[in-house]
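The values are calculated or read from the model by the stated rules, or taken from the named source; none is laboratory data. Predicted model, so just to flag it, every value in this text is computed and none were measured. Quick reminder, even Gly has a Cβ in these numbers, built from the backbone with ideal geometry, and neighbours come from all protein chains shown. SASA here: full protein model, heavy atoms, side chains in, ligands and nucleic acids out. Shrake-Rupley method; radii C 1.70, N 1.55, O 1.52, S 1.80 Å.
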Amino acid sequence: KIGSAPRLNKESILPVLENAVTYIKSRSSDKMQYSINPGSGTEIYVKLNAPLFEWVIENLCKNAIDAMNGTGSIVIDVTDQVQVVYVDVTDTGKGIPSSKQKTIFEPGYTTKARGWGLGLSLTKRIIENYHNGRIFVKRSEADKGSTFRIVLNK
């Protein structure tokens with residue numbers, strides 16, 4: 001399947017988010033807290049490729065864990081609108097300077113001593129090119145944390 005466009009299926013987004021959080025929780029410190037707030041819906045359907053979307057959530061969480069040095073919280077808020085679904089991933093990390101908020105999605109950008117800086121560029125590609133959605137930094141404040149917003153069409 002490498003090189004072919006991923007198939008999008010109408011999926012309930014909450015179990016997909018729960019799978020991603022369960023996976024990342026099993027690989028992180030007990031000092032990390034995770035929660036998913038489904039908003040007003042229990043069955044929120046969007047067109048997505050579940051394995052790729054789970055990878056996106058895992059990558060955002062891994063970056064957040066690094067930004068919090070393994071201690072803090074990650075909250076995923078899901079908001080069901082008429083035509084779109086918002087998925088906000090919020091952490092209590094060190095924040096992203098406003099001057100870097102656009103460049104973090106470029107290949108090669110990293111703040112880590114090790115790594116190639118491909119995670120967020122792949123995340124953006126998966127959301128925007130494969131899911132026809134959007135991802136951006138909704139909010140970030142120094143030493144208070146950041147919120148990444150994913151917008152998915154229904």
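Here the condition is being open to solvent by 20 Å² or more (accessible area, probe 1.4 Å), among the hydroxyl-bearing types (Ser, Thr, Tyr) and under 15 Å from the mean Cα position of the chain (by Cα); of SER146, SER140, SER98, it holds for SER140 alone. Taking every residue in the stretch 135-154 that is modelled with pLDDT under 95 and pairing it with any residue that is assigned to a strand (DSSP E or B), at least 6 positions away or on another chain, the pairs with Cβ-Cβ distances below 6 Å are ASN153/VAL84; LYS154/VAL46.
A count restricted to the stretch 109-125 and to residues that are at pLDDT 95 or above and open to solvent by less than 20 Å² (accessible area, probe 1.4 Å) stands at 1.
Can you confirm whether the stretch 57-78 contains a residue that is touching a Pro at 6+ places or on another chain (Cβ under 6 Å), open to solvent by less than 70 Å² (accessible area, probe 1.4 Å) and either in contact (Cβ under 8 Å) with a residue 24 or more places away in the chain or of a type in the set (Asp, Glu) (or both)? Within the stretch 57-78, one or more residues are touching a Pro at 6+ places or on another chain (Cβ under 6 Å), open to solvent by less than 70 Å² (accessible area, probe 1.4 Å) and either in contact (Cβ under 8 Å) with a residue 24 or more places away in the chain or of a type in the set (Asp, Glu) (or both). The set of residues in the stretch 15-31 being under 16 Å from ASN49 (Cβ atoms) and of a type in the set (Val, Ile, Thr) consists of VAL16 alone. Filtered by the rule that a residue be surrounded by 14 or more Cβ atoms within 10 Å (Cβ to Cβ) and part of a loop (DSSP other than H, G, I, E, B), the stretch 20-38 gives SER28, PRO38. Being of a type in the set (Asp, Glu) and exposed (fewer than 15 other Cβ atoms within 10 Å of the Cβ) is a description that applies to GLU106.
Filter the stretch 109-127 for residues that are within 13 Å of the chain's Cα centre (by Cα) and not hydrophobic (A, V, I, L, M, F, W, C); which is farthest from LYS94 (Cα to Cα)? If we take residues in the stretch 109-127 being within 13 Å of the chain's Cα centre (by Cα) and not hydrophobic (A, V, I, L, M, F, W, C), then ARG125 is farthest from LYS94 (Cα to Cα). Of all residues in the stretch 1-19, which are under 26 Å from VAL82 (Cβ atoms), more than 16 Å from the chain's Cα centre (by Cα) and open to solvent by less than 100 Å² (accessible area, probe 1.4 Å)? Correct list: PRO6, LEU8, ASN9, GLU11, SER12. Restricting to the stretch 83-125, give me the number of residues that are assigned to a loop (DSSP other than H, G, I, E, B) and among the acidic types (Asp, Glu). Adding up the residues that qualify gives 1. Do the conditions hold for GLU43, that is, is it open to solvent by less than 80 Å² (accessible area, probe 1.4 Å), over 18 Å from ASN129 (Cα atoms), over 16 Å from the mean Cα position of the chain (by Cα) and not hydroxyl-bearing (Ser, Thr, Tyr)? It is false that GLU43 is open to solvent by less than 80 Å² (accessible area, probe 1.4 Å), over 18 Å from ASN129 (Cα atoms), over 16 Å from the mean Cα position of the chain (by Cα) and not hydroxyl-bearing (Ser, Thr, Tyr). For the stretch 126-135, residues that are surrounded by 14 or more Cβ atoms within 10 Å (Cβ to Cβ) and not in a loop (DSSP other than H, G, I, E, B) total 6.
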